[in-house]
Amino acid sequence: MKLATLKDGSRDGQLVVVSRDLTLAHYATGIASRLQQVLDDWGFMSPQLQDLYDALNQGRARHAFPFDAAQCMAPLPRAYQWADGSAYLNHVELVRQARNAEVPESFYADPLMYQGGSDDFLGAMDEVPVPSESMGIDFEAEIAVVTGDVKMGASPEQALDGIRLVMLANDVSLRNLIPAELAKGFGFFQSKPATAFSPVAVTLDEIGTAWQDGRVHLRLESTWNGRKVGLCDAGPEMTFHFGQLIAHIAKTRNVRAGSIVGSGTVSNKGVEKDGRMDWPKGYSCIAEKRCIETIQDGAPATEFMKFGDTIKIEMKGLDGKSLFGAIDQEIVMAGEVALANVTRTRRGAKSLTDAEEAAAGLDAEENKDS
């Protein structure tokens with residue numbers, strides 16, 4: 001089934017069931033008003049929602065109405081936990097290669113992960129407010145899962161059983177704030193503003209056979225200012241599957257229903273063409289494009305996002321139709337902010353790599369890589 005949350009002026013919105021083709025919706029009020037309620041009592045409520053979903057798809061739902069993604073909050077508008085990984089190690093390898101550095105062997109055995117803010121998410125078509133273009137605005141196209149309860153010490157296989165829903169994410173990054181934050185030794189904070197999620201979250205059966213071994217074997221499309229810049233395969237090169245990411249969290253604590261776990265930037269390896277490396281599948285974040293340019297040409301050329309830029313992130317199912325609906329956002333200036341109060345990187349840092357080197361030699365991307 002497919003679930004969404006519509007804006008109603010409250011913090012948590014109204015839960016709706018959405019038809020498979022994303023054209024119709026039906027309030028789930030008689031079953032649950034909020035998605036967290038369903039996650040807390042999945043065994044009892046999900047079969048009832050499934051019955052409503054079947055009726056909606058069969059034209060038997062009496063109070064169906066047209067579905068409008070612009071009216072959506074994030075499927076889970078606020079969550080108990082948002083933990084983002086870096087499951088595509090090609091992203092880490094590119095950053096390291098751009099700096100002529102090796103990837104530590106431990107990165108291939110132990111997932112990278114950070115804990116982001118979960119009190120304020122953006123809807124799929126909400127504007128992305130940023131105080132200043134100088135912060136290095138970047139999109140990150142990702143896949144995310146929503147969990148039920150997963151016990152501390154769960155194995156990756158057990159953790160897979162705890163996945164309830166899948167959705168897309170735009171994990172917005174302010175690249176020029178990252179190095180100074182990581183240099184403090186406590187990780188990301190101001191450099192990670194509110195994350196946006198796709199209009200709908202879907203159960204695993206909606207993905208069909210494309211869901212294999214904890215991975216979504218479909219292509220993730222990124223379109224920046226109307227130009228498709230990424231068509232990355234999300235499955236084969238995901239080094240750590242979602243069960244491994246969840247188990248990583250559960251190593252020392254319980255993971256509670258309503259936790260969201262992200263994949264990190266979806267990334268694919270390059271291929272050699274005419275003696276030169278090329279990345280025909282594009283990129284899922286600008287920072288990666290800048291690393292590619294550094295590898296190819298010795299320096300980055302692509303600038304980060306500006307006010308008025310748009311980013312669209314979407315994934316088509318096996319039937320060729322939009323699976324989650326699209327994240328489709330515009331970057332806008334936030335309310336007036338005193339620049340003196342904004343964390344900034346060293347003056348004159350011209351690229352992500354320069355800024356990283358400015359932060360006491362700390363590589364922001366190898367610590368984040370999401």
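The values are calculated or read from the model by the stated rules, or taken from the named source; none is laboratory data. Keep in mind the model is a prediction, meaning the values are calculated, not measured. A quick note on method: Cβ atoms are made from the backbone with ideal geometry, for glycine too, and the neighbour counts reach across all protein chains shown. With ligands, DNA and RNA removed, areas are computed over all heavy atoms of the protein, side chains included. Shrake-Rupley method; radii C 1.70, N 1.55, O 1.52, S 1.80 Å.
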When every alpha-carbon pair in the stretch 1-75 is counted, what percent end up more than 13 Å apart?
61 percent
Let's see if you can work this out: charge +1 on each Lys and Arg Cβ, -1 on each Asp and Glu Cβ, no other charges. What is the dipole magnitude of the chain about its Cα centre, in debye to the nearest 20?
380 debye
R0 of 41 Å, Cβ-Cβ distance D205-D110: FRET efficiency to nearest 0.05
0.85
Give me the percent of the accessible area of the chain that comes from carbon and sulfur atoms, probe 1.4 Å, all protein chains in place.
47 percent
Report the residue, chosen from N268, N170, N57, that carries the largest GNM mean-square fluctuation when the chain is represented by alpha-carbon nodes joined by springs under 10 Å.
N57
Once the in-chain neighbours fewer than 8 apart are removed, the aspartates and glutamates whose Cα is under 17 Å from K228 read D138, E140, E142, D278, E288, E303, D309, E314, D328, E330
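Averaging the inverse of every distinct alpha carbon separation and then flipping it gives the Kirkwood radius. What is it for the chain, in angstrom units?
20.8 Å
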Taking alpha-carbon centroids only, the stretch 275-328 lies from the stretch 103-165 a number of Å equal to 18 Å
If you project the alpha carbons of the stretch 130-185 onto their three principal axes, what span does each projection cover, largest first, in Å?
43, 27, 15
If each of E102 and T302 carries a label point 7 Å out from its Cα toward its Cβ, how far apart are those two points in nm?
2.9 nm
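Kindly rank 74-84, 242-252 from highest to lowest mean number of other beta carbons found within 10 Å of each residue.
Most protected by this proxy first, the peptides run 74-84, 242-252.
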Mean accessible area per residue over the chain (1.4 angstrom probe, all protein chains present, square angstrom) is 42 Å²
Given R₀ = 30 Å, what would the calculated FRET efficiency be for T252 paired with F44, taking r from the Cβ atoms and rounding to 0.05?
0.50
For the pair R60 and K7, the simple spin-label estimate (label points 7 Å beyond Cα toward Cβ) gives in nm 3.5 nm
Taking Rh as the Kirkwood radius computed over alpha-carbon pairs of the stretch 25-117 and applying Stokes-Einstein at 37 °C with viscosity 0.692 mPa s, one gets a diffusion coefficient in µm² s⁻¹ of 190 µm²/s
I need the peptides 318-328, 204-214, 284-294 ranked by packing, meaning the mean over residues of other C-beta atoms within 10 angstrom, with the highest value on top.
284-294, 318-328, 204-214
Just the C-alpha atoms of the stretch 138-279: what Rg/Rh do they give, with Rh taken as the Kirkwood radius?
1.00
